[in-house]
Each structure stands twice: as C-alpha cells, then as structure tokens.
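A.B. asks: Please find one structure pasted underneath; my questions will follow.
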Amino acid sequence: MWLAFLSVSVFAALVAGASIDVLRSAVQNVDDCPSCLTLLGALQSIAITGDDPFITTLTSLCIGLGGADPDVCTGLLAREGPILAHDLRQISTTGQTAEKLCDALMGMCVTHPVNPFTVPFPKPPPAHPKNFRSRGRAPVRVVHLSDVHIDHMYTVGAEANCTKSICCRDFADSPETPTVPALPNGNSHCDSPVSLADSMLEEIERLNPAFSIFTGDVVEGAVWLVDQAEVTADLQAFNAEMAAKLSAPIFPSLGGDSAPVNAFARSTSGTTNNSQWVFDTQGAGWEQWINQTAASEVEHDSGSYSAKVPGLNLRIIAVNTQYWYKQNFWLYDSDVFQPDPNGIIAFLVDALQAAEDAGDRAYIIGHIPLGKEDTLVDQSNYYDQVLQRYKNTIAGQFFGHSHKDQFEIAYSNYSAQTAENAVGVGLIGPALTPTSGNPAFKLYEIDPDTFEVMDASVIFTNISDPEFPVRPKWGLYYSARDTYGPLVGLAPTEPLSPAFWHNLTEAFATNETAFQMFNTFLSRGGAVGACDSDCKNTTICDMRAFRSENNCDTPAPGFSLRRRAAIVPHDFDACEGTGLAQIFAHMAGESQSA
C-alpha cells in the first residue's frame, strides 16, 4: 500500500519541482525490488529534465546521506551521473533492464532466469578431436600478473589512514599532520606506487618466463578524479614499464581502465562518449608483443584479440569482459535485449575455431571471471556454451579482478558436479595492489606439448616485513602441486586438471585445516578474514561455479545494503574502488540506520 502511495507522491512531487527530501524518502524506503524500481522512477523524472539537474540532485543527496566524502560524491557523479541519466531516459522503469540496473546499483531484483540464446558455431565438434599428448619434456614457465592499480600520485609521508577508498596521496581535505604517514613501496590502504610495480617486474624478469599474461586493471582507485587524459597516460606508462623491465613477450587483456572507470559503451548506444580511445591506446601499446594483426583486432574488436605464442602451438585469446560486467552502466540503456554486446562472444568463437582448425591449443585471458556475482548471468551462460563446444582446444583460462588467489570450475553438467564432469577451470590471479593483501603474482609451469598447467605457484612480498619499505623481498608463498597435491593423491606426471581442482574442493569440504589454509592463501596471508561453516559452504559453492548463475553469492533483498554500508571504504571487494554501487549502498545504509 505504501509503495503505491510513495510512487505517486514521488512522481507528483518531482514534477512539481519539490525538494530533494522526496528523493531522500525514496532512498530510505528501498529494501526490496519494487521499492528500488520506484526509486528508479523518481530518478528518471529528474533525468528527463537533463544531465545537469540530475547530477546536481544526486550529488546533494550523496553528500547529505554520507554516500562518500563530498569531493568523492562530486567527482564521481560528475563522471558517472550522465551515463545513469542516459540509461534512465531510454528504458522503462518496470522492465527487465530496470531490474538489472537495480541489481547493479543496489543489490535488489537479483534473481533473473537466463534469457534463452544459442550461440552459433561455424562447425560442429570434430568426430575425432585431436589428442594432445605429453612427451614428458621440461615444463615452460609462464607468469600471470593482474590488478596492478598503479598510483602515480602516491606520496611518501601522506595520510595512509584516510576516509576514502585509497589513501597515500595529498587530497584537498588531507590533514596537515598525517596520523599514519605513508612509507615507501606501499600500504594496505593504498594502491601501488611505481616503485612496487618496478620491484615486481624485476622479480618476474629474474624468473625468466617464456612469456607473461596480464589480466588487466592499471588505473588507481581514486575513480572520482580519473579522466581520459589520466587513464591514457597510466596505460602508456605501464606498457612502457613492462617493455623496459621484461624481455619475454607479454600478452595483456583489458580491465576496467576507461573514463569513467568500467564505462565501455555498446556500439548501439548512439553516443560519442565511448572507449575507442582505450582500444586505440592499447592496440598501439601492445603491438610490440602481440603483432600488428592482433593489435588491429584490439582497435576494431572492442579490445579483444588472438595471437600465437612464438615457438609454441598455443594461441592467446584475450576477451574484453567489461561488456559482461554489471558495473558497466552503459549496459542498461535499452530495453532491447542484446545477447552479445559488441560481438565479444562471436569474436571468441571465431578465434577458437581458427585454433581448432590449425590444431593449436588456446588460452583464454580476461579480467573478470565468469563465475562471479558481478558477471551478468546471460553472457556467463553463453560463454559456457562456447567452453563446452571448444573444451578440447581450450587448455587454460586466466582472469583477475577479485584481487584474490582463487579458482572456478566448469562442469559439463552443473547438476552433477563431479571430477568426471569437470571440463574447465578458471585460474584467478592475485593482485599487486596491497589493498587486498600481500602483493603477489602467479608462476605457472606448463607442459610444452599439451599446455596443461603442471604447477601454479604464488610469488609474493610481505608488506609487514620491516625491510619492505626499503626493498620488497619476493619469494615463493606456496606451490599448488606441493601443497594441494598430497590432499588428493596427485600423481607426479598428472597436470592440475579440472578434475584435480574438483577433488580439491572435496578435500576442503571434509578437511577443515586444509580449507582454512586456502582461506589464508586468498590474501597471501595479508588480510585474512574469518570464514565459518556458512562462509565455507558458500566459498566451496563458488569454487564449483564458473558460470555465474550457479554461484552462491546472490544477496538477500535489503541485506546487501546494510551489510555493505557498514563496511569501511577500504574493504569493498570491487577492484576499481568507490563507484555508483558503493555510494548508493552507503546512502541507503546510512538512511536505514538513522
């Protein structure tokens, strides 16, 4: 009853030019899907009057309800507000797109059946797939780095315990005398200084890999200040840094590095505010490693490419996962459902078919893992169709984004999750940025004939080491083969196959000591959180979900707002720092706790 009254009163009051109190009331009453849709209706009434009134109103609300520090509210909404206003002018506030927008903004309307779509394939699976056999040759070393988040404004001596999503830089409201001065090489409340990135790349070079993969995210987390010029400079700087420090080829993929962060417009958005400049920047920057043809693909295929590894029958296929990411707000500007925004899945199919035809194997790399709660269920499901079709060609899948050392398993039948049905695994690399634990990267040993992963080791530096501010010391944290192999009886010549990772989840389910060891490994021992039996069950469920519709992370309506709003800024799991979802969560949480 109150919802109907609220809806009518909100619309009437806003059309009459009523005060921001009306919108504040709508935010205060958001605790389920219908009330979130009502809020979108209220926001839509402002959006149709223009971007400027929309930004002004939301900024005032953000500041008044403590969504973030005033400068963060102002900067973030100036950058992301126009996209949200554009969305609201294009859609119905009662349709599926509006529900998905409520999910992305506020954790409401989270349950959606997958929209039926069958991915078209150019050829059926071969009757007799190629058999890739190991000849027992020495493994090849491959490094996986991710989420470097380099802050070129990192300032030694600046406040390291601030109220924003990242610290260690001189903000306008920084105290004259810092309570916790930032030390050289990094702090757990701050993104990576250049010196830390240099140190990591020097360690990678010392390990002498055959090649490296980079699964994205370069820009630091002060997203309310980020603009196109800064992102361009940051991307170019890290490309140059890698080129100067690493002698072996590098195969990168795109993260959320745009301006605003994560904002990648669809080709159907009808706007000049797109991210072609990102694709042009990285196509030019990556050509030295991936060849001219692949660089042209980056520029013309929305940041995706396929490239052959020199001297190996292996192709790296990089996909731009931002078009499958809930926090890319360009995805909500039409009520017409698009199964494959910007043709990323079609590109992946063509690249895998080319690899199959040539008798090569392929590694797929991208930023966002397909099983995370923040991946759209539709595109995750369609990606799984591709995986099932080309499972004989795909030898590995590598991602970042979560900042954690994780894995996700794909099954031929998700209703029967067994070792026999495990057909793929996504290996998720830890982050360089200290905001999520100790800085780290992964070192793989791969069979040069099958390209299966024989071992996965984490190399880290401990920020608690007294020598860290002087010179970070890098070393082995653990080897998956040595540490996890004995738990499942892994034979000396067996790879770390999907079946291995499934058997490991079985061991975690029955061996509490082993599971808590994994929980410590997530942050490389740097930010260990308690994980009780409910947490453990959810974690194991998520390990068995390389398809987002199968994970166990879907929040109950209303709960996610109160939970997230109570978290300090540094603890948000979103790897890009404070965004629209975080400030809406804070606003609703603040008003609900008042």
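The values are calculated or read from the model by the stated rules, or taken from the named source; none is laboratory data. This one's a predicted model, so the numbers in the text were calculated from it and none came from an experiment. Cβ atoms come from the backbone with ideal geometry, glycine included; neighbour counts cover every protein chain shown.
A.B. asks: Do we find a residue being in contact (Cβ under 8 Å) with a residue 40 or more places away in the chain, within 30 Å of Ile394 (Cβ to Cβ) and surrounded by 15 or more Cβ atoms within 10 Å (Cβ to Cβ) anywhere in the range 166-177?
C.D. replies: Scanning the range 166-177, I find no residue that is in contact (Cβ under 8 Å) with a residue 40 or more places away in the chain, within 30 Å of Ile394 (Cβ to Cβ) and surrounded by 15 or more Cβ atoms within 10 Å (Cβ to Cβ), so the answer is no.
A.B. asks: Another one. Taking Asn503, is it touching a residue at least 60 places away in the same chain (Cβ under 8 Å), closer than 19 Å to Thr433 by Cα and of a type in the set (S, T, N, Q)?
C.D. replies: Numbers: touching a residue at least 60 places away in the same chain (Cβ under 8 Å): yes; closer than 19 Å to Thr433 by Cα: no; of a type in the set (S, T, N, Q): yes.
No.
A.B. asks: A further question follows. Are any residues in the range 117-137 among the small types (Gly, Ala, Ser) and surrounded by 11 or more Cβ atoms within 10 Å (Cβ to Cβ), and if so, which ones? Spell out the reasoning first.
C.D. replies: The initial filter retains those residues of the range 117-137 that are among the small types (Gly, Ala, Ser), namely 127, 134, 136.
Listed by number, the list holds a single entry, Ser134.
A.B. asks: Is it true that Tyr382 is under 27 Å from Met108 (Cβ atoms) and either among the charged types (D, E, K, R) or assigned to a helix (DSSP H, G or I) (or both)?
C.D. replies: Details: under 27 Å from Met108 (Cβ atoms): yes; either among the charged types (D, E, K, R) or assigned to a helix (DSSP H, G or I) (or both): yes.
Yes; evaluated as a whole, the condition is true for this residue.
A.B. asks: What number of residues within the range 235-256 are under 12 Å from Val218 (Cα atoms), touching a Gly at 6+ places or on another chain (Cβ under 9 Å) and surrounded by fewer than 17 Cβ atoms within 10 Å (Cβ to Cβ)?
C.D. replies: Within the range 235-256, residues that are under 12 Å from Val218 (Cα atoms), touching a Gly at 6+ places or on another chain (Cβ under 9 Å) and surrounded by fewer than 17 Cβ atoms within 10 Å (Cβ to Cβ) number 1.
A.B. asks: Looking only at the range 297-331, count every residue that is of a type in the set (D, E, K, R), closer than 22 Å to Gly371 by Cβ and in contact with a Gly (Cβ under 8 Å, 6 or more places away or on another chain) and tell me the total.
C.D. replies: Of the residues in the range 297-331, the ones of a type in the set (D, E, K, R) are 297, 299, 301, 308, 315, 326.
This time we only want the ones that are closer than 22 Å to Gly371 by Cβ, so: 326.
Among the residues that remain, those that are also in contact with a Gly (Cβ under 8 Å, 6 or more places away or on another chain) are: none.
Number of matching residues: 0.
A.B. asks: Next question. Quick check: is even one residue across the range 196-208 in a loop (DSSP other than H, G, I, E, B), more than 30 Å from Ala307 (Cβ to Cβ) and polar (S, T, N, Q)?
C.D. replies: Looking for residues that are in a loop (DSSP other than H, G, I, E, B), more than 30 Å from Ala307 (Cβ to Cβ) and polar (S, T, N, Q), one finds none in the range 196-208, hence no.
A.B. asks: One residue is enough: does the range 166-173 have a residue meeting the conditions aromatic (Phe, Trp, Tyr), part of a loop (DSSP other than H, G, I, E, B) and under 22 Å from Ile364 (Cα atoms)?
C.D. replies: Of the residues in the range 166-173, the ones aromatic (Phe, Trp, Tyr) are 171.
Restricting the remaining residues to those that are part of a loop (DSSP other than H, G, I, E, B) gives 171.
So of that shortlist, the ones also under 22 Å from Ile364 (Cα atoms) come out as none.
No, the range 166-173 has no match at all.
A.B. asks: In the range 518-538, which residue that is free of Cβ contacts under 8 Å to residues at least 24 places away in the same chain and part of a helix (DSSP H, G or I) is farthest from Ala416 (Cα to Cα)?
C.D. replies: Thr520
A.B. asks: If you take the residues of the range 448-472 that are in a loop (DSSP other than H, G, I, E, B) and under 27 Å from the mean Cα position of the chain (by Cα), which of them is surrounded by the fewest Cβ atoms within 10 Å (Cβ to Cβ)?
C.D. replies: Ser464
A.B. asks: Only one of these is crowded, with 23+ Cβ neighbours inside 10 Å and in a helix (DSSP H, G or I): Asp71, Asp87. Name it. Steps first, answer last, please.
C.D. replies: Values: Asp71 fails: crowded, with 23+ Cβ neighbours inside 10 Å.
Sole residue among the options that is crowded, with 23+ Cβ neighbours inside 10 Å and in a helix (DSSP H, G or I): Asp87.
A.B. asks: Can you find even one residue in the range 20-42 that is outside any helix (DSSP H, G or I), farther than 22 Å from Ser258 by Cβ and not charged (D, E, K, R)?
C.D. replies: If we filter the range 20-42 for residues that are outside any helix (DSSP H, G or I), which is where we start, we get 29-32.
Next cut, farther than 22 Å from Ser258 by Cβ only: 29-32.
Narrowing further to those that are not charged (D, E, K, R): 29-30.
The answer is yes, given that some residue of the range 20-42 is outside any helix (DSSP H, G or I), farther than 22 Å from Ser258 by Cβ and not charged (D, E, K, R).
A.B. asks: Go through the range 239-329 and tell me which strands (runs of 3 or more DSSP E), entirely inside it, have 1 or more residues that are over 29 Å from Arg206 (Cβ atoms). Before the answer, list the steps.
C.D. replies: Numbers: elements: 250-252, 305-308, 314-318.
By residue number, 305-308.
A.B. asks: Between Val114, Val140, Val110, Val156, which is surrounded by fewer than 23 Cβ atoms within 10 Å (Cβ to Cβ), under 30 Å from Asp405 (Cα atoms) and modelled with pLDDT under 95? Step through it out loud before you land on a result.
C.D. replies: Working: Val114 fails: modelled with pLDDT under 95; Val140 fails: modelled with pLDDT under 95; Val156 fails: modelled with pLDDT under 95.
Step by step, each of Val114, Val140, Val110, Val156 is checked, and only Val110 is surrounded by fewer than 23 Cβ atoms within 10 Å (Cβ to Cβ), under 30 Å from Asp405 (Cα atoms) and modelled with pLDDT under 95.
A.B. asks: Gly66 versus (1) at pLDDT 95 or above; (2) in contact with a helix residue (DSSP H, G or I) (Cβ under 8 Å, 6 or more places away or on another chain): which is the lone unmet condition?
C.D. replies: Unmet condition: (1).
A.B. asks: Looking only at the range 367-379, decide whether some residue is crowded, with 22+ Cβ neighbours inside 10 Å, of a type in the set (S, T, N, Q), part of a helix (DSSP H, G or I) and at pLDDT 95 or above.
C.D. replies: As a first pass, look at the range 367-379 and keep what is crowded, with 22+ Cβ neighbours inside 10 Å: 367-372, 375-379.
Then drop every residue that is not of a type in the set (S, T, N, Q), which leaves 375, 379.
Now restrict to residues that are part of a helix (DSSP H, G or I): 379.
Pick out the ones that are also at pLDDT 95 or above and you get 379.
Yes, some residue in the range 367-379 is crowded, with 22+ Cβ neighbours inside 10 Å, of a type in the set (S, T, N, Q), part of a helix (DSSP H, G or I) and at pLDDT 95 or above.
A.B. asks: Next question. Tell me, please, whether a residue that is assigned by TED's automatic domain parsing to the domain that holds Lys391, touching a residue at least 60 places away in the same chain (Cβ under 8 Å), on the phi > 0 side of the Ramachandran plot and not in a strand (DSSP E or B) can be found in the range 431-447. Spell out how you get there, then give the answer.
C.D. replies: Our first condition is that a residue be assigned by TED's automatic domain parsing to the domain that holds Lys391; within the range 431-447, this holds for 431-447.
Imposing the further condition that a residue be touching a residue at least 60 places away in the same chain (Cβ under 8 Å) reduces the set to 431-447.
Filter once more, keeping what is on the phi > 0 side of the Ramachandran plot: 437.
From the residues that got through so far, the ones that are not in a strand (DSSP E or B) too are 437.
Among the residues of the range 431-447, at least one is assigned by TED's automatic domain parsing to the domain that holds Lys391, touching a residue at least 60 places away in the same chain (Cβ under 8 Å), on the phi > 0 side of the Ramachandran plot and not in a strand (DSSP E or B), which makes the answer yes.
A.B. asks: Consider the range 132-157. How many of its residues are among the β-branched types (Val, Ile, Thr) and not in a loop (DSSP other than H, G, I, E, B)? Spell out the reasoning first.
C.D. replies: First, pick out the residues of the range 132-157 that are among the β-branched types (Val, Ile, Thr): 140, 142-143, 148, 150, 155-156.
Among the residues that remain, those that are also not in a loop (DSSP other than H, G, I, E, B) are: 140, 142-143, 150.
Residues flagged as among the β-branched types (Val, Ile, Thr) and not in a loop (DSSP other than H, G, I, E, B) within the range 132-157 amount to 4.
A.B. asks: Among the numbered criteria (1) more than 20 Å from the chain's Cα centre (by Cα); (2) surrounded by fewer than 21 Cβ atoms within 10 Å (Cβ to Cβ), which single criterion is violated by Thr232?
C.D. replies: (1)
A.B. asks: Determine whether Leu201 is assigned by TED's automatic domain parsing to the domain that holds Asp455, out of contact with any Ser or Thr (no Cβ under 8 Å at 6 or more places or on another chain) and buried (at least 19 other Cβ atoms within 10 Å of the Cβ). Can you show your working first?
C.D. replies: Details: assigned by TED's automatic domain parsing to the domain that holds Asp455: yes; out of contact with any Ser or Thr (no Cβ under 8 Å at 6 or more places or on another chain): yes; buried (at least 19 other Cβ atoms within 10 Å of the Cβ): yes.
Yes; evaluated as a whole, the condition is true for this residue.
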